[in-house]
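Notes follow once the structure below has been shown.
The numbers here are math on the coordinates, done by the rules we state, and not lab data. As the structure is a prediction and not an experimental result, all values here were calculated from the model. For neighbour counting, all protein chains shown are included, and Cβ atoms are generated from backbone atoms with ideal geometry for every residue, glycine included.
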Amino acid sequence: MKQDTPIFDPERHLAFEEPSETIMMEDIGYENVGISPVAVTYPFQLFSPEAVKIMRSEIEKPEVTANHHYASNIANAQLRGYARKHAAFTFAAWTHPMTIAIISKLAGIDLTPWGDYEIAHINLSIKTEEQAKAERTAVHSRNTSVHLDEGIDVSGSEDEKPIVGWHTDSYPFVCVLMLSDCTNMTGGETALRTADGEIIKVRGPTEGCAVVLQGRYITHQATRARGSMERITAVTSFRPRSGFVKDESVLLTVRPVSDLGELYPDYVEYRLKIMEERFRHELRKMQARRVAGERFDTRGLKAFLQESADFLTHTDRELVMEDQVQTGFIEPIDVPDVVVEPPTKRVGTE
Ligand SMILES: [Fe+2]
């Protein structure tokens, strides 16, 4: 008999409280950009302390640390792709309809987890007591870490300058859940760049709390987190549930830190399902027109075929042959850095 695995119970393990505020795309000058009007939520309570404890116990399993640990040029410790096989509670928590309904409501669009592989990607940053103390006492501490919400944690030396530049995420939406006690932590905010170059900062979530961010369409970065010995976040990525909403997911930042035998099938499966759904829909539409005695819509069909061709080309481009993927090396992200940052406006940092 296997050891008892706690079963995810939404009544007991969800502890949802509405975020105090949500920043909309139009608030930051991105009207009609992306797949939803929502840019980012303020931190909100999502899971109970007990749920966080169980999630943490699942990432401490030997089979997880042994087989799912990744490091790259921009992130020295991540756990990826472990949930489906080794973390039944975590997997159930993120795939439960009530959890998905909460995230969807906050995101302003029906979402579904991007794929099994991207459920609860973990960013690990563990420091010694001395390092954490030094950070708390020294305002200008060096060699601290910067964290990006989808899992980038980099060491560097220049204090205030972010090490990983401004970027967009690979997937439409992310939900970033804090699994650490943040009592002594400062920083770790999400900074967003508005359409006219202003910087807005949203405070990071505390233990059991999360933020939802439309990261694919918003140029953002995370500020350094200082002063605590550990910072562990779980990042779950989401995509639109409907096959008729655009899906501009890419694999750029994840391909080099993934088991491609797991990541690629997740990606291809839903992309092909989208195509299947759209083809069926188009076929029925065409047949119905014919039955109704309407003229064949050549222009409409050509537009559909072109859109489908673009979709397939995009899918094909993201599937880089395994022997051409440099494990652990993430190419510089395509968004240019801001050379001179305008004054920052801080929100949600009470
Ligand atoms: Fe990000």
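A few comments on the model shown:
- Each residue of region 250-312 gets 67 Å³ once the volume of the Cα convex hull is shared out per residue.
- Positive dipole terminus of region 265-324, leading residue within LEU312, LEU301, VAL268 (C-beta point charges): LEU301
- Computed over all pairs of different Cα atoms, the Kirkwood value for the hydrodynamic radius of region 239-283 is 11.7 Å.
- Projected onto planes of every orientation and averaged, the convex hull of the alpha-carbon atoms in region 176-281 covers 8.8 nm².
- Calculated mean residue ellipticity, 222 nm, the chain: -9500 deg cm²/dmol, from DSSP H runs (n ≥ 4) at -39500 (n - 2.57) each, averaged per residue and rounded to 500.
- For the chain, the percent of C-alpha pairs falling in each 20 Å distance bin, counted from 0 to the bin holding the largest distance, reads 29, 57, 13, 1.
- 10 Å-binned pair-distance histogram of region 1-73 (Cα, whole percent): 15, 25, 26, 26, 6, 1
- Kirkwood-type radius of region 188-239, with distances r between different C-alpha atoms, in Å: 12.4
- Here region 265-324 is assigned +1 on the Cβ of each Lys and Arg and -1 on the Cβ of each Asp and Glu. Its dipole about the Cα centre then comes out at about 720 debye.
- If you take the alpha carbon atoms of region 215-266 and fit the smallest convex hull around them, that volume is 131 Å³ per residue.
- GNM top mover of ALA210, ALA132, ALA303 - the chain, alpha-carbon springs below 10 Å: ALA303
- Taking the Cα centre of the chain as reference, the dipole from Cβ charges on Lys and Arg (+1) and Asp and Glu (-1) amounts to some 700 debye.
- GNM top mover of ASN73, ASN123, ASN32 - the chain, alpha-carbon springs below 10 Å: ASN32
- Within the listed set GLY187, GLY204, GLY300, the Gaussian network model of the chain (springs between alpha-carbon atoms below 10 Å) gives the highest mean-square fluctuation for GLY300.
- Positive end of the dipole of region 237-325 (Cβ unit charges, origin at the Cα centre): among HIS281, MET321, SER249, the Cα lying farthest that way belongs to HIS281.
- Loop-exposed chymotrypsin sites (Phe, Trp or Tyr not before Pro) per DSSP, neighbour cap 12 Cβ within 10 angstrom, longest uninterrupted part of the chain: 1-243
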